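Trainee: The structure is given below, and queries will be raised subsequently.
The values are calculated or read from the model by the stated rules, or taken from the named source; none is laboratory data. Keep in mind it's a predicted model, so treat the numbers as computed, not measured. Ligands, DNA and RNA are stripped out before the accessible areas are found, and what is left, the full protein with its side chains, is counted by its heavy atoms. Shrake-Rupley method; radii C 1.70, N 1.55, O 1.52, S 1.80 Å.
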Amino acid sequence: WMTLNIKRDKDQGNKFVWLFDLAVIESLLQDYSNVEYWDFLESDALRSSNSEITFVQAGKNPVWTSEIVEHLDRISIESSGKVERTVIKDAGHWVHVDQPQKLFEILATGFV
């Protein structure tokens, strides 16, 4: 969502600026909470593709229930690693703020 709100501002010498549109953010949140991804993560389409998905778990975020963690770990085993979960123990919801270097290291492996 963050990158959806970065724009170049011609009045500031073409610098990048944040332009948060609260109506859009509210719409994205509504859409996000209405979508279920388990079927896709367990699908043959994903397993037979060249795609891999890594979930970055914020270790201090209570949203990650034991049920979610167990479900993702089971999918990881069944998908032969196509779906993975990585934990950043010392991070809350805002992983990029709490542990930017650790997040970068995780993300960088996907671009190599």
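Trainee: For D21 and W94, calculate 0.36 nm times their separation in residues minus their Cα-Cα distance, and state this gained length in nm to one decimal.
Mentor: On the way: separation 73, 0.36 × 73 = 26.28 nm, distance 1.93 nm.
Using 0.36 nm per residue and subtracting the Cα-Cα distance, I get 24.4 nm.
Trainee: Please compute the per residue accessible area over the stretch 45-109 with all protein chains in place, 1.4 Å probe, rounded to a whole number of Å².
Mentor: Values: 4290 Å² over 65 residues.
The answer is 66 Å² per residue.
Trainee: Ok, one more. For E84, what residues show an amide H to amide H distance below 5 Å, using hydrogens built from the backbone and excluding near sequence neighbours?
Mentor: I53, T54, F55
Trainee: Then there's this: So how tilted is helix 66-78 from the main axis of the chain? Cα-based, degrees 0 to 90, rounded to 10.
Mentor: Around 70 degrees separate the two axes.
Trainee: Going by a ≥ b ≥ c, the root eigenvalues of the Cα gyration tensor, does the stretch 7-112 fall in the rounded group (a/c under 1.5), the prolate group (a/b larger than b/c) or the oblate group? List each step's numbers first, then the result.
Mentor: Values: a/c = 1.74, a/b = 1.64, b/c = 1.06.
It comes out prolate by the Cα gyration axes.
Trainee: Mind telling me which of S79, S33, S48 comes out most flexible in a GNM of the chain, alpha-carbon contacts under 10 Å?
Mentor: S33
Trainee: Can you flag which of K15/K89; K82/K102; K10/K102; K15/K102 are past 30 Å Cα-Cα? Could the numbers behind the result be given before it?
Mentor: Values: K15/K89 34 Å; K82/K102 21 Å; K10/K102 34 Å; K15/K102 27 Å.
Too far apart for the 30 Å limit: K15/K89; K10/K102.
Trainee: How many percent of DSSP beta bridges within the chain run antiparallel, rounded to 5? Spell out each step's value before the answer.
Mentor: On the way: 4 of 10 bridges.
Counting only bridges with both partners in the chain, antiparallel ones make up about 40 percent.
Trainee: Under the 0.36 nm per residue contour assumption, what length would be gained going from the current alpha-carbon distance of R47 and T109 to full extension?
Mentor: On the way: separation 62, 0.36 × 62 = 22.32 nm, distance 2.00 nm.
Result for the pair: 20.3 nm of gain on full extension.
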